[in-house]
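The values are calculated or read from the model by the stated rules, or taken from the named source; none is laboratory data. No experiment lies behind these values; they were computed from the predicted model shown. In this analysis, Cβ positions are derived from the backbone assuming ideal geometry, glycine residues included, and neighbour counts consider all displayed protein chains. The protein model used for the area step is the full one, side chains on, heavy atoms only, and it has no ligands, DNA or RNA in it. Shrake-Rupley method; radii C 1.70, N 1.55, O 1.52, S 1.80 Å.
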Amino acid sequence: MYQIYNNLFFCKGYNRTLIYDSLNAKINFIPNHYFELLKSTDFFINRDDIDKDLFSFLWEKELIFESNEELRKCFPSFNEDVEIPYDIITVVIELSEINGSQLSKFNEDGVNGTIPQFNFIFSEFTNIKSVESFADFINENEADTFELTMVEGFEHAELLFKLLETVKKIISINNFSTIKIVDNSIHKNRFNNNVDEISLRISPNLLTYFESSKFHVYFNRKLFIGKDSEIKNAKETDKVFGYLKDMQSISIKDLISQNEFKEFWDVKKDDTFVCSDCEFRRLCVDNRIPINEKNKWKHNTECNYNPYISKWQHEEGYLSLSECGVRSELNEFYVDSEKINRINFQLWGE
């Protein structure tokens with residue numbers, strides 16, 4: 001007998017099933033009928049009872065191992081009901097001179113140590129003074145991880161990384177600019193992230209997978225401080241909840257007590273039109289604003305991925321949702337399965 005590793009998670013989409021290998025942060029895919037077959041065995045497989053191609057795939061990808069009934073009992077299932085111990089998980093700050101002068105408010109008693117991650121955005125509004133303020137802040141704050149996002153217009157990267165040379169905290173770097181980063185730090189705490197279309201949207205992360213079962217992983221427990229110190233849930237949302245520069249101190253409890261601030265936190269992909277048919281939905285970080293219609297959520301703009309034909313926008317053969325017969329009209333949702341089947345046969349021959 002053979003057993004599926006317990007660190008694997010399956011997410012069935014309209015067109016195929018995603019296998020998320022949480023231990024190795026890898027993604028594989030199988031046809032939906034193979035997933036149904038594995039599910040029917042409770043993921044405990046007799047080699048002679050399944051398709052040879054499926055077995056070879058699972059074995060070559062190291063997704064199964066030899067087992068027996070006694071050994072199987074030694075591997076309990078994951079409990080996906082994970083409680084998040086933070087009111088705010090991530091604070092995103094556009095680092096302007098105004099915000100640089102306000103960073104100390106996050107180092108005050110009752111706030112410092114309660115937020116595990118900060119994401120700072122460096123752009124044309126970031127000057128030398130604000131960079132120096134950031135360097136002081138990162139040394140004093142107790143957060144585990146600092147994400148640095150650089151976009152076009154930022155002119156002080158050399159100074160920034162000079163000031164960060166001795167910092168031992170985890171630093172994750174997103175470089176969307178043409179800036180060449182020279183980082184002379186000897187500490188192995190720097191991570192340069194891919195900034196391609198797929199890497200920005202899909203996060204093969206166990207916390208993302210668990211969180212997405214109950215929440216919208218982009219908006220949930222996020223706090224955004226714009227360059228003028230305006231406070232919002234996220235950059236993409238409209239409602240402003242005051243200005244950091246006008247506050248004597250920041251009260252996370254007061255912010256999250258406002259329902260408007262948490263408007264999109266509980267919007268699950270499983271409850272969203274199109275997204276609910278997508279195999280990536282449990283690993284997706286989607287910054288589009290959801291819109292509610294008839295107790296079903298949807299988006300006014302299309303994603304760059306079409307789950308009905310398993311194609312990204314940049315790939316050959318991509319078609320829009322409307323070209324596949326998927327549409328929302330008068331608060332009704334339509335999926336033309338016959339048209340989609342014909343398109344998939346042309347694309348994939350099945």
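Couple of notes before you dig in:
- Debye, to nearest 20: dipole size of the stretch 108-243, +1 on Lys, Arg Cβ, -1 on Asp, Glu Cβ: 380 debye
- The largest-to-smallest principal axis extents of the Cα set in the chain are 67, 53, 40 Å.
- Positive-end residue, the stretch 108-264 charge dipole about Cα centroid, Cβ charges, pick of His156, Phe134, Asn119: Asn119
- Ellipsoid semi-axes for the stretch 245-291, based on the Cα gyration tensor and the rule √(5λ), read 31, 11, 9 Å when sorted largest first.
- Accessible carbon and sulfur surface of the stretch 251-329 relative to its total accessible area, %, 1.4 Å: 42 percent
- For the stretch 1-110, the Kirkwood hydrodynamic radius from C-alpha pairs, put into Stokes-Einstein at 10 °C and a viscosity of 1.306 mPa s, yields a diffusion coefficient of 91 µm² per second.
- Rg in Å to one decimal, and Dmax rounded to a whole Å, for the stretch 279-334 via C-alpha atoms: 12.1, 35
- About the Cα centre, charge dipole magnitude for the stretch 272-345 (Lys/Arg +1, Asp/Glu -1 at Cβ), debye: 220 debye
- Tensor-based shape of the stretch 25-177 (alpha-carbon gyration tensor, a/c under 1.5 rounded, otherwise prolate or oblate): prolate
- Subtracting the Cα-Cα distance of Thr114 and Val82 from 0.36 nm times their residue separation leaves 9.7 nm of extension gain.
- Scattering profile of the stretch 90-195 at q = 0.14, 0.20, 0.22 Å⁻¹ [log10 I(q)/I(0), Debye over alpha-carbon scatterers]: -0.49, -1.05, -1.30
- Put a plus charge on the Cβ of each Lys and Arg, a minus charge on the Cβ of each Asp and Glu, and nothing anywhere else: the dipole of the stretch 234-301 about its Cα centre is then about 80 debye.
- Convex hull volume per residue for the stretch 191-346, taking Cα atoms only, in Å³: 148 Å³
- In order along the stretch 128-134, the Karplus-derived 3J(HN,Hα) couplings, from 6.51 cos²θ - 1.76 cosθ + 1.60 at θ = phi - 60°, round to 4, 4, 5, 5, 5, 5, 5 Hz, and Gly and Pro are given as x.
- Where the stretch 72-154 is the region considered: accessible area per residue in Å², 1.4 Å probe: 46 Å²
- Think of it as helices only: each DSSP H run of n ≥ 4 in the chain is worth -39500 (n - 2.57), and spread over all residues that comes to -5500 deg cm²/dmol at 222 nm.
- Between the stretch 298-350 and the stretch 99-119, the alpha-carbon center distance in angstrom: 44 Å
- Solvent-accessible ranking of Asp336, Asp277, largest area first, probe 1.4 Å: Asp336, Asp277
- Working ranking of peptides 57-63, 316-322 by packing, defined as the average number of other Cβ atoms within 10 Å per residue, highest first, is 57-63, 316-322.
- Mean sequence separation of contacting Cα pairs (under 8 Å, at least six apart), scaled by the length of the chain, corresponds to a relative contact order of 15 percent.
- Selection among Phe264, Ile343, Leu321 by position relative to the dipole of the stretch 241-350 gives Phe264 as farthest towards the positive end (Cβ unit charges, Cα centre).
- From largest to smallest, the equivalent ellipsoid semi-axes obtained for the stretch 25-86 from the alpha-carbon gyration tensor read 25, 17, 12 Å.
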